[in-house]
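The structure appears right after this line, and notes come after that.
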Amino acid sequence: MYFEALMTVDPSQITKIETVKPEGSFKRILNLMTMGALEKKLERETFTAVSILQQLNTAFQSMGINNIIRLSHDDIDFYLDTEGKENDLQEALDKYDLQIDHSMSTCFDYLALVLEHEDDTFKYLLEIDINRTHEVAEYPIAIKISAFLKEFSQTDSDTEKLRNKVQEAIGTQEKYTAFKQDRHKRFETFLQEVRIGISKFIRVDDVKIDLKTKIVVPKKKIENVSDMEYNRAPGYYGPHYGYFGFGDALLYSMLWTSICHNNHIVINDSHFETPAGEELGHLDNVDTSSDYFDPDISSDATGLDGDSAQINSPFDDPDTNMDILGNDLSETPDPGDSDSGSWFDFGNENDSLFDSWGDSDFGGGDFDGGDW
């Protein structure tokens, strides 16, 4: 288990709305015949790459977040830390500033900045995506924050010791529920600090936050960092990329469902993914005693008689959308459809593209938890 939040930021900048005509001769002819029905509006931000990075640098430095892992400009890496350097954010930005010219700074489409940070509870990975051109009403800055439980970071090669430590923390349903609720609240506190820190140094019209609980489901036994999968797909910047030092931080999450399976833990309101970060789906309520969560049994296990025994996925089982009283949760309104504002929201109340990203958000005048 780890936590993931998406913070979307609408900076107070002059935005130009441009009309984009369709490409291709047939579409252009059809567009003329339909009096421009195929044309779409896009917002183009007026900030330059250098200016927005300088503002973000000031905001993050003020929060003590100064370790950078990666800086990409239109998917070209200008900085990638493979050594675990510390306090290198300013160094990376200075290097970037020297390498690009005015045209690159003003005509970019996409910037990606990946930072790391730690506090007493979590090791964080912050992915900052800056889209200069985007759909109307979308926010140009998205900050995805992944929070891994620092108390379970692997410190030696004794994986059994790590397994016992996790077992002690979540070995019963009561322990699991209390543990998750406590760490969830601590993460909420950090998100509030980031939101306030950004708003101090960047003039913004609005900030929205959605939060997820993430569960990794390995389909084979992972006992050591060397057994872990990595996702090096183009455009992927997340925690499963294999960044320096993150293997030790992620290993416990690969053992999580196995420990839950052995203790018959029921997991509520969580998003599940593969060890490479590919989404499996969201479940409101699932009993991990199912063989699906046993890494000793593969999804196409072979029985003693030699026949293939297909294990049903809980993501295809309607019963996993039942609460403990047997009520069907599949028709429960998405919290993202609620008219209530976010605890973090300020400025306008326009809906964001990213509202559909999470299945739980912060509502009302306080954190509603959403996961319990």
I need a count of the residues in segment 66-93 that are surrounded by 12 or more Cβ atoms within 10 Å (Cβ to Cβ), under 27 Å from residue 119 (Cβ atoms) and among the charged types (D, E, K, R). 5
Filtered residues of segment 235-282 (kept if surrounded by 15 or more Cβ atoms within 10 Å (Cβ to Cβ) and part of a strand (DSSP E or B)): 267, 268, 269, 270, 271, 272, 273, 280, 282
Confirm whether residue 232 is open to solvent by 40 Å² or more (accessible area, probe 1.4 Å), at pLDDT 90 or above and more than 23 Å from residue 170 (Cβ to Cβ). yes
Pairs, first at negative phi and without any contact (Cβ under 8 Å) to a residue 40 or more places away in the chain in segment 224-240, second in a loop (DSSP other than H, G, I, E, B) and open to solvent by 50 Å² or more (accessible area, probe 1.4 Å), C-beta under 7 Å, six or more apart: 240/230
Residue 196 being at pLDDT below 95 and either open to solvent by less than 10 Å² (accessible area, probe 1.4 Å) or in contact with a His (Cβ under 6 Å, 6 or more places away or on another chain) (or both): no
If you take the residues in segment 283-309 that are in a loop (DSSP other than H, G, I, E, B), at pLDDT below 55 and out of contact with any helix residue (DSSP H, G or I) (no Cβ under 8 Å at 6 or more places or on another chain), which one is most open to solvent (accessible area, probe 1.4 Å)? 304
Being modelled with pLDDT under 95 and small (Gly, Ala, Ser) is the filter here, so list the residues in segment 154-188 that pass it. 157
Which one of 160, 138 is more than 16 Å from residue 193 (Cα to Cα) and touching a Phe, Trp or Tyr at 6+ places or on another chain (Cβ under 9 Å)? 138
Flag for residue 207 being in a strand (DSSP E or B), over 27 Å from residue 280 (Cα atoms) and either within 17 Å of the chain's Cα centre (by Cα) or of a type in the set (A, V, I, L, M, F, W, C) (or both): yes
All-but-one check, residue 206 against (1) open to solvent by less than 10 Å² (accessible area, probe 1.4 Å); (2) modelled with pLDDT of 90 or more; (3) closer than 19 Å to residue 5 by Cα, failing number (2)
Just to verify a result, which residue in segment 94-122, among those that are among the charged types (D, E, K, R) and modelled with pLDDT of 90 or more, is surrounded by the fewest Cβ atoms within 10 Å (Cβ to Cβ)? 120
Out of the residues in segment 123-180 that are free of Cβ contacts under 8 Å to residues at least 24 places away in the same chain and of a type in the set (A, V, I, L, M), which is surrounded by the fewest Cβ atoms within 10 Å (Cβ to Cβ)? 178
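The values are calculated or read from the model by the stated rules, or taken from the named source; none is laboratory data. Because the structure is a prediction, the values reported are computed rather than measured. Positions of Cβ are generated from backbone atoms using ideal geometry, with glycine treated the same way; all protein chains shown enter the neighbour counts. Remember, those area values only see protein heavy atoms, side chains included, never the ligands or the DNA or RNA. Shrake-Rupley method; radii C 1.70, N 1.55, O 1.52, S 1.80 Å.
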